[in-house]
Structures are given as C-alpha cells and as structure tokens.
Amino acid sequence: MATSAINPLDSARKQLRAAAAILKIEPKVLAVLSEPKNELTDDIPVKMDDGSTQNFNSLRVQHNDALGPFKGGIRFGPGVSLDEVKALAMWMTWKTSLAGLPFGGAKGGVICDPKKFSKGELERLSRGYVQQFVEHLGPGKDIPAPDMYTNAQVMAWMLDEYEKLTGHHAPAAFTGKPVELGGIGARESATGYGGFVAVQQVSKLLKLKPKSTAVAIQGFGNVGHNAAQFLFDAGYKIVALSDSQGAIYNKKGLNPAAAMTCKLEKGKIAECYYRGSVVNGSKSGVISNDELLELDVDILIPAALENQITAKNANSIKAKVVVELANGPTTPEADKILQQKKTTVVPDVLANAGGVVASYFEWVQNNYGYYWTDDEVHDKLSKLVTAAFAKAVAESGEHNVDIRTGAYLLALSKVARAIELRGGI
Ligand code: NAD
C-alpha cells in the first residue's frame, strides 16, 4: 500500500494546523513552526573505488531548536527527498517535546543507493557529510543519530571526522554510536522497547490481556524485530510478520527469534512460513504486505514506511489498535476514518520515541562521562514513555480528540511557549 504520491510534508503540516487551531497558536508562531529554521543542502563529492568522483545530494533540515539543540537521524537512500526530510524533522520537534527532552527537531539524508557502496565508499560518504555540515553540528547545536540505512559504524566515522575537524573529543556530538565510542548497548533495541512499553500501556487502557492479544507487525528490521521479540517474551501472540518482499501469517502464533534466524538464512521472511518453531509446528501462510495490514488482529504495528494506512485501505483495517512504530505510516485522511471506526491509534511521536529517548540518555552520559547499565536505561526509558503516554491520553480526553492530537497539543504548546519566551519573532 506504499503510496509514494502522498507527500509526508503535507501530512505533517495538516497535523500541525489541526493542533494549532485547537490551541489558537498565534499566526506568527505557526508560521515559524510550519517551515524549518535551517534547510541545508549540498553535494558531497565522493571518490569511488573505480577512481571516479560522484556527487551525492545531501540534506540537513533543522526544524526548530527553541527547547534545545536540534536532534534527529540521518538516512541514506535513493528515495530520500527534501520534503520527506522536512516532515521527519518537524515530527522530531514534536517527539522530543512530548517526551520532555531538552532538544529540538532535525533530520538528515543523502540521496544515494547505499546497498551498492563498498565499505570504503560508505565511509568516504559519511565523512564527506560531516565535512560539508560541520559548522552546523555539535553537542550544543545539532546532534545526528542513525536512521534508515545508517548505523553505529556510520556514526563512528562521522564522530571521528567531526573530532578531527574540530580538534577535540566530543562524543556527545552523535548518538547511536558503538559502545566502545560512548554509545549505549540498549540504543539498538530502544525504539522497539519503547514501542513495547506503548503496547503495554494501551493494553492496560483497553484491558487487553497479552495471551489473548493477536499482533501483526509490518516491517521486520531493527524496530519491528525488537518490538516483536519484547512482545513475544511478554506473552503477546505475534501472528504476522513481514519485510519488503512479503509477509507470513499464522493465527496460532509465530516465534520472532526463529523467524529472524530463518530470514537471515533465506534472505526473506516469506521463505520462513513453515520452519519448525517459527510457526510452532503448524503450517502458516504467505500473504502480501497489503493483506497483513487488513488482518483481523487486535493490534497492528506498522514498523516499516510512511503512508501505509491511507484513505484507500483505512476502512479495511480490522485491528482495534494501531501502534505506529514507523514514522508517518497513517495519512491524515486515514486517521479520520480510523477515528470514525473507533480504532485507537498510538501515534508515531509517542510510540517510537524510545529511540530518541535512549539517544538523550547517551548524550547525557557522554556529557557527564558516567555510564549506566542497560537495565537502568530500560527502566528510565520505560518511565519516560509511560509518562508521555499518560499525559497524551489525558490531554486527548480533556479536549475530546484522538491520542495523536492530544500528543500534538502537549508538544506544540511547549514549543510555542518556548518560542514566545525567547521573543524576537
Ligand atoms: P530498517 O531498515 O532496519 O527496517 C525496515 C524494515 O521494513 C525492513 O525489514 C524492510 O524489509 C521492511 N520494509 C521495507 N519496505 C517494506 C514494505 N513495503 N512492506 C513491509 N516491510 C517493508 O529500519 P528501522 O530502523 O527498523 O525503521 C523502520 C521505521 O521506524 C522507519 O519508519 C523509521 O523512520 C522508524 N523509526 C526508527 C527508529 C530507529 O531507532 N531505528 C526510531 C524511530 C522511528
């Protein structure tokens, strides 16, 4: 159901306008929030292994920093676009505000096909990105992290380049780093863990018992896989999993760890429908990603891409609850339909905030030079996501709106107030 024609920036702006209208945000503040503060674009020349030099269009969009330094990941990919990065940067502003973090929102991207790069080419591109934008980055300015097709190794190269260019150690300049360079072990699984906490909270709210709660997860990458494992370990019944090449479904339940082992061996999850413990011994079916979205389950977790639930398929969504681990998986038009159907949607700015919360803990620890255990990180993360969930639900109840709008009201009012206090607009 990927409908790339839907512009995520249009969706982000519609969501902003809806919340701003309820809050009666001043037009000049709304104007500030509708556009990024800084939109940096440049071509990065990269020496390729064959001796040629190729230029890659690179972006860093800094949406707002009224509450603290800009914060947001960098994604590499052929489909990266300026509008997508602008939308993601705006969503980061709401996410950090809602979670109560002292950060603003940003996002970065490079238009490239990282799957075709050698390790050396990837390293030169990563270093080139920092060379291009170094004066705009730093622990008190703008702190990048990994996103799609970037990882801890990419952050290590970027940090190393940043420290070479600035002449001092600054581990807090990037988060999502390898543990040896000041990263935290729990960062990798943090978004999935935060999503698991969000599922626990919505289960409590709607009185769903894990054992009788069927969950379908679209996307079996970092976020989807980790969320699946935490949910499975807590007793939830994972009945469907998917990757870009297809999905598997078994109403008796799937084992995510076995599914991952099989996926790594076979290359795609659709090959894993009848492999021992993956399906607990009973035959399951291969279905399409579109069919996965429309399964008769209790909880649907989109954990892959934007624009998966649209006006076209929203009426066919049977799940009682949608927990958005991907960024922007539901369009505003689909949101309205889900609201009419009384589907509970736990929005992305809340459900997938675990990643940036863990990044915040990493930044704090780097600044202090004092490190916590993974259990302490999970404990602090769980408390923070639980508190944000409770506040968003309470706010939505107070204004008689959905949880997304409740979350936006909280996030937006805080950012707007900080802008007003700073003055100068
Ligand atoms: P990833 O690259 O590790 O995994 C993406 C997964 O989605 C892969 O399994 C891929 O095969 C699958 N996929 C791709 N196209 C698909 C399609 N059409 N249908 C079904 N599956 C498809 O990425 P990730 O880090 O897990 O990120 C997933 C989503 O979560 C993104 O929207 C990202 O912005 C969001 N997110 C990630 C983090 C994080 O910490 N990694 C934090 C917040 C939000």
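The values are calculated or read from the model by the stated rules, or taken from the named source; none is laboratory data. This one's a predicted model, so the numbers in the text were calculated from it and none came from an experiment. Every residue, glycine among them, receives a Cβ derived from its backbone with ideal geometry; neighbour counts consider all protein chains shown. Accessible surface is based on the protein model in full, side chains and every heavy atom, while ligands, DNA and RNA are left aside. Shrake-Rupley method; radii C 1.70, N 1.55, O 1.52, S 1.80 Å.
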What accessible area, in Å² to the nearest ten, does a 1.4 Å probe give for HIS168? 90
Based on alpha-carbon centroids, what's the gap between segment 99-123 and segment 171-194 in Å, whole number please? 15
Net charge of Cβ neighbours under 14 Å - reference ALA145; Lys, Arg +1; Asp, Glu -1: +3
Taking the full set of protein chains and a 1.4 angstrom probe, give the accessible area of TYR129 in square angstrom, rounded to the nearest 10. 0
Round to a whole angstrom and tell me the spacing of the C-alpha centers of segment 363-425 and segment 307-356. 20
Unmatched cysteines, the chain - criterion: no other Cβ of a Cys under 4.7 angstrom: CYS112
Which of these, GLU398, GLU161, GLU271, has the largest mean-square fluctuation under a Gaussian network model of the chain (Cα springs below 10 Å)? GLU398
Given the pairs LYS263/LYS341; LYS95/LYS342; LYS14/LYS391; LYS119/LYS177; LYS342/LYS391, which are separated by over 26 angstrom at their Cα positions? LYS263/LYS341
What 222 nm value per residue comes from the helices of the chain, counting each DSSP H run with n ≥ 4 as -39,500 (n - 2.57) and dividing by all residues, nearest 500 deg cm²/dmol? -14500 deg cm²/dmol
Fully extended contour minus Cα-Cα distance, from VAL179 to GLN339, at 0.36 nm per residue: 53.4 nm
For LEU165 the rounded accessible area (nearest 10 Å², probe 1.4 Å, non-protein molecules ignored) is 90
Work out the charge dipole of segment 143-237 with +1 on the Cβ of Lys and Arg and -1 on the Cβ of Asp and Glu about the Cα centre, then indicate which of ALA216, ASN226, GLY176 is farthest towards its positive end. ALA216
Tell me the net charge near ASP243. Cut-off is 13 Å between Cβ atoms, ASP243 excluded, with +1 for each Lys or Arg and -1 for each Asp or Glu. +2
Extent along principal axes [Cα atoms of the chain; Å; largest to smallest]: 59, 56, 44
The local net charge around GLY406, scoring Lys/Arg +1 and Asp/Glu -1 for residues other than GLY406 whose Cβ lies under 11 Å from its Cβ, equals -1
Just to confirm the filter: which chymotrypsin sites (Phe, Trp or Tyr not before Pro) across segment 242-275 are DSSP coil and have at most 16 other Cβ within 10 angstrom of their Cβ? TYR274
Total charge dipole magnitude, the chain, about the Cα centre, Cβ charges on Lys, Arg, Asp, Glu only, Debye to nearest 20: 1220
Let me spell out the model: positive unit charges on the Cβ of Lys and Arg, negative unit charges on the Cβ of Asp and Glu, origin at the Cα centre of segment 31-96. What dipole size does that give, in debye rounded to 20? 320
Step through the table entries LYS252/LYS320; LYS237/LYS268; LYS251/LYS383; LYS37/LYS164, compare each Cα-Cα distance with 30 Å, and write down the pairs that go over it. LYS251/LYS383
Would you mind computing, in nm to one decimal, how far apart the modelled labels at ALA234 and ASP42 are, each placed 7 Å from Cα along Cα→Cβ? 4.3
Simple SL model, points at 7 angstrom along Cα→Cβ for HIS168 and THR373; separation in nm is 3.4
Accessible solvent surface per residue of the chain, calculated while the other protein chains remain in place, 1.4 angstrom probe, Å²: 40
Three-way shape label, segment 2-61, alpha-carbon gyration tensor, a/c 1.5: oblate
Say we join alpha carbon atoms closer than 10 Å with springs in a Gaussian network model of the chain; which of GLN54, GLN245, GLN365 then has the biggest fluctuation? GLN54
Options PHE76, ALA156, THR93, ranked by Cα towards positive dipole end of segment 37-172, top entry (Cβ charges): THR93
Size of charge dipole - segment 266-408 - debye, nearest 20, with Cβ of Lys, Arg +1 and Asp, Glu -1, no other charges: 380
Is the shape of segment 189-351 best called rounded, prolate or oblate, per the rule: a/c under 1.5 gives rounded, else a/b larger than b/c gives prolate, else oblate, with a ≥ b ≥ c the square roots of the Cα gyration tensor eigenvalues? prolate
Just subtract the alpha-carbon distance of VAL364 and SER288 from 0.36 nm times their residue separation and send over the number in nm, one decimal. 23.1 nm
Dipole of the chain [Lys/Arg +1, Asp/Glu -1 at C-beta], most positive-end residue of LEU137, ILE248, GLY108: ILE248
Just grab the label-to-label distance for ASN315 and GLU398, each label 7 Å out from Cα along the Cβ direction, in nm (one decimal). 3.7
